[in-house]
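K.L.:
The structure follows.
The values are calculated or read from the model by the stated rules, or taken from the named source; none is laboratory data. Note that the structure is predicted; figures quoted are calculated from it, not measured. So basically every Cβ, Gly included, is an ideal-geometry build from the backbone, and we count neighbours across all protein chains shown.
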Amino acid sequence: MNSNKPTAYNNRLGIKGWVYAGKYTFERYLYLGHRLTGMGLIAYMLLHIIETANRMRGVEAWEGLMGLFASWPFKIIEYLLFAAAVFHALNGVRLLMTELGFFLGKPKEPVYPYSSSIKRHRPLTYIIMALAGLIIILGGSSLFFP
Amino acid sequence: MSDKTTTPREITFRVRRFDPNVDAAPHWSEYRLNVYDGMTVLEALHEIKAQQEPTLSWRSSCRMGVCGSCGMFINELPMLACQTQVLHLGTDVVSIAPLPNYDNVKDLVPDLAPLIEKHAAVKPYIIYLDQIEIDEPTGEFLQTPDQREEFSQFTHCIKCGLCLAACPTVATDPLFLGPQALAQAYRYTADNRDCGLKDRIEAIDIFHGPYQCHLAGACSQACPKGVDPAFGIQLLKRALVLDSIGFGKKKSSVAKVSPLADVVKQIEEFAPPPRTVGK
């Protein structure tokens with residue numbers, strides 16, 4: 001075994017490979033958004049358990065914490081959380097439908113210029129994203145201007 | 001072929017270089033070249049190698065988008081160098097790097113071994129349960145055009161590996177089977193002659209299998225042959241779901257056209273009459 005054998009360079013993109021969507025299509029950005037919001041929601045669930053555990057420290061501690069959450073910075077964070085949940089849920093519905101083969105069309109012989117299932121289900125993507133945007137705007141108006 | 005009757009345009013090529021015998025990490029080198037209308041990136045690399053940098057390395061063969069050897073990361077997208085015209089890129093500076101998500105052997109040469117290993121892992125062949133029929137066939141399998149259309153699109157894969165270079169899941173999960181292998185798993189699963197899903201499930205219905213795909217669509221965007229691997233993965237997921245709830249394909253739905261013995265008999269029946277002249 002020759003220990004001086006030249007070694008190949010590890011060219012795996014790693015985290016940059018999924019964070020940087022670059023010149024790829026709209027769905028590639030939705031992939032990024034779905035993963036980021038998913039991670040955000042998991043982080044929130046952990047924080048939520050810690051937050052509710054404060055009830056065990058007595059009424060004063062609990063009410064103090066609730067007072068903090070009523071402040072504007074926390075309202076904005078709460079809104080971002082709401083927006084992430086709406087996006088993740090609706091995009092998840094889109095992914096579920098495509099995973100069951102809906103709205104993708106049928107396989108067919110590829111003829112240039114090629115048509116892909118991604119393009120064929122894009123109308124559904126736009127409708128779902130428009131719906132998510134509408135719910136996020138309406139939710140924001142009720143949260144900030146009750 | 002490039003059209004040398006048109007006015008050339010000077011293009012700067014930023015090429016990522018790496019020599020494992022000398023370099024610890026890759027570096028970029030720039031080459032200027034007069035590019036003619038119709039000149040492909042592969043032709044430009046040949047010109048650079050002939051005129052400016054004889055040690056420049058890459059892998060290519062057919063020059064017509066069939067062999068899948070010349071996959072490169074051109075202007076930050078995976079493409080076949082032989083199918084990409086330099087002036088169609090629309091930039092004065094063209095960056096060329098080896099395909100990401102593969103080990104870089106030298107300059108623009110990726111190590112495609114993981115692609116082939118994953119492809120082999122999903123049992124990319126027709127599995128027919130009756131081994132006696134496989135060894136000693138008694139008839140031809142019948143396949144209608146509609147049955148062929150179910151998987152025909154996925155047979156066009158040339159194993160260039162661009163889809164794995166584009167896939168954001170492969171970027172972070174080296175064990176993910178990836179778009180190429182999963183689309184091929186569907187290609188054989190959807191074939192009416194195949195009854196091997198049960199065998200194939202062990203290889204594909206795993207943590208690093210199709211459910212790691214969240215439909216980024218980058219693989220289908222990158223595919224130079226219109227195979228649409230993202231579509232294949234979604235159809236594979238559906239096949240797995242149907243199988244798990246008992247609605248999957250239980251066995252091959254293939255029928256025989258006719259026994260081979262009958263075919264031979266028919267050939268004998270319709271044979272031309274014996275010669276009567278020139279005996």
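K.L.:
Here is a list of conditions, (1) among the aromatic types (Phe, Trp, Tyr); (2) in the same structural domain as B:Ile233 (by TED's automatic domain parsing); (3) over 15 Å from the mean Cα position of the chain (by Cα), and B:Phe151 meets all of them except one; can you say which number that is?
P.N.:
Here B:Phe151 meets the rest and fails (3).
K.L.:
Give the residues of the stretch B:1-19 that are within 29 Å of the chain's Cα centre (by Cα), at pLDDT 95 or above and of a type outside the set (Val, Ile, Thr), sorted by residue number.
P.N.:
B:Phe13, B:Arg14, B:Arg16, B:Arg17, B:Phe18, B:Asp19
K.L.:
Among the listed residues B:Ala216, B:Ala166, identify the single one that is more than 26 Å from A:Thr7 (Cβ to Cβ), within 9 Å of chain A (Cβ to nearest Cβ), among the aliphatic types (A, V, I, L, M) and in contact (Cβ under 8 Å) with a residue 12 or more places away in the chain.
P.N.:
B:Ala216 is the lone residue from the list that is more than 26 Å from A:Thr7 (Cβ to Cβ), within 9 Å of chain A (Cβ to nearest Cβ), among the aliphatic types (A, V, I, L, M) and in contact (Cβ under 8 Å) with a residue 12 or more places away in the chain.
K.L.:
Now, a different point. Restricting attention to the stretch B:48-55, does a residue exist that is surrounded by 14 or more Cβ atoms within 10 Å (Cβ to Cβ), assigned by TED's automatic domain parsing to the domain that holds B:Gly90, within 27 Å of the chain's Cα centre (by Cα) and within 19 Å of B:Val93 (Cα to Cα)?
P.N.:
Taking every residue of the stretch B:48-55 in turn, none turns out to be surrounded by 14 or more Cβ atoms within 10 Å (Cβ to Cβ), assigned by TED's automatic domain parsing to the domain that holds B:Gly90, within 27 Å of the chain's Cα centre (by Cα) and within 19 Å of B:Val93 (Cα to Cα).
K.L.:
I've got another one for you. Specify which of the listed residues (B:Asp191, B:Asp243, B:Asp205) is modelled with pLDDT under 95, in contact with a helix residue (DSSP H, G or I) (Cβ under 8 Å, 6 or more places away or on another chain) and closer than 25 Å to A:Tyr114 by Cβ. Let's see the steps before the verdict.
P.N.:
On the way: B:Asp243 fails: closer than 25 Å to A:Tyr114 by Cβ; B:Asp205 fails: closer than 25 Å to A:Tyr114 by Cβ.
The match here is B:Asp191.
K.L.:
Among the candidates B:Asp92, B:Asp19, single out the residue that is of a type in the set (Asp, Glu), touching a residue at least 24 places away in the same chain (Cβ under 8 Å) and under 19 Å from B:Pro110 (Cα atoms).
P.N.:
When all the criteria are applied, what remains is B:Asp19.
K.L.:
Another question, if that's okay. Taking the stretch B:101-147 only, how many residues are surrounded by 14 or more Cβ atoms within 10 Å (Cβ to Cβ), within 14 Å of chain A (Cβ to nearest Cβ) and not acidic (Asp, Glu)?
P.N.:
Counting residues in the stretch B:101-147 that are surrounded by 14 or more Cβ atoms within 10 Å (Cβ to Cβ), within 14 Å of chain A (Cβ to nearest Cβ) and not acidic (Asp, Glu) gives 12.
K.L.:
Which members of the stretch B:17-41 meet the condition of being more than 14 Å from chain A (Cβ to nearest Cβ) and either buried (at least 16 other Cβ atoms within 10 Å of the Cβ) or of a type in the set (D, E, K, R) (or both)?
P.N.:
Selection gives B:Glu30, B:Tyr31, B:Arg32, B:Leu33, B:Val35, B:Tyr36, B:Asp37, B:Met39, B:Thr40, B:Val41.
K.L.:
A further question on this structure: Within the stretch A:92-115, count every residue that is assigned to a helix (DSSP H, G or I) and more than 9 Å from chain B (Cβ to nearest Cβ).
P.N.:
Residues flagged as assigned to a helix (DSSP H, G or I) and more than 9 Å from chain B (Cβ to nearest Cβ) within the stretch A:92-115 amount to 4.
K.L.:
Being more than 11 Å from chain A (Cβ to nearest Cβ) and under 18 Å from the mean Cα position of the chain (by Cα) is the filter here, so list the residues in the stretch B:169-181 that pass it.
P.N.:
Pass one, the stretch B:169-181, residues more than 11 Å from chain A (Cβ to nearest Cβ): B:175-181.
Passing the criteria: B:Phe176, B:Leu177, B:Gly178, B:Pro179, B:Gln180, B:Ala181.
K.L.:
Turning to a different aspect of this structure: Of B:Met64, B:Met72, which residue is without any contact (Cβ under 8 Å) to a residue 40 or more places away in the chain, of a type outside the set (Phe, Trp, Tyr), within 14 Å of another protein chain (Cβ to nearest Cβ) and assigned to a strand (DSSP E or B)?
P.N.:
B:Met72
K.L.:
Here's something else I'd like to know. Keeping to the stretch B:223-237, report how many residues are without any contact (Cβ under 8 Å) to a residue 60 or more places away in the chain and more than 7 Å from every other protein chain (Cβ to nearest Cβ). Write out each step before concluding.
P.N.:
Step one: of the stretch B:223-237, the residues without any contact (Cβ under 8 Å) to a residue 60 or more places away in the chain are B:230, B:233-237.
Filter once more, keeping what is more than 7 Å from every other protein chain (Cβ to nearest Cβ): B:233, B:236.
Total satisfying the criteria: 2.
K.L.:
Here is a list: A:Ile128, A:Ile118, A:Ile136. Which entry is assigned to a helix (DSSP H, G or I), facing chain B (nearest Cβ under 8 Å) and either more than 24 Å from A:Thr37 (Cα to Cα) or not charged (D, E, K, R) (or both)?
P.N.:
Step by step, each of A:Ile128, A:Ile118, A:Ile136 is checked, and only A:Ile118 is assigned to a helix (DSSP H, G or I), facing chain B (nearest Cβ under 8 Å) and either more than 24 Å from A:Thr37 (Cα to Cα) or not charged (D, E, K, R) (or both).
K.L.:
Let me ask something else. Only one residue in A:Ser116, A:Ser71 is free of Cβ contacts under 8 Å to residues at least 12 places away in the same chain and surrounded by 14 or more Cβ atoms within 10 Å (Cβ to Cβ). Which one?
P.N.:
On inspection, the qualifying residue turns out to be A:Ser116.
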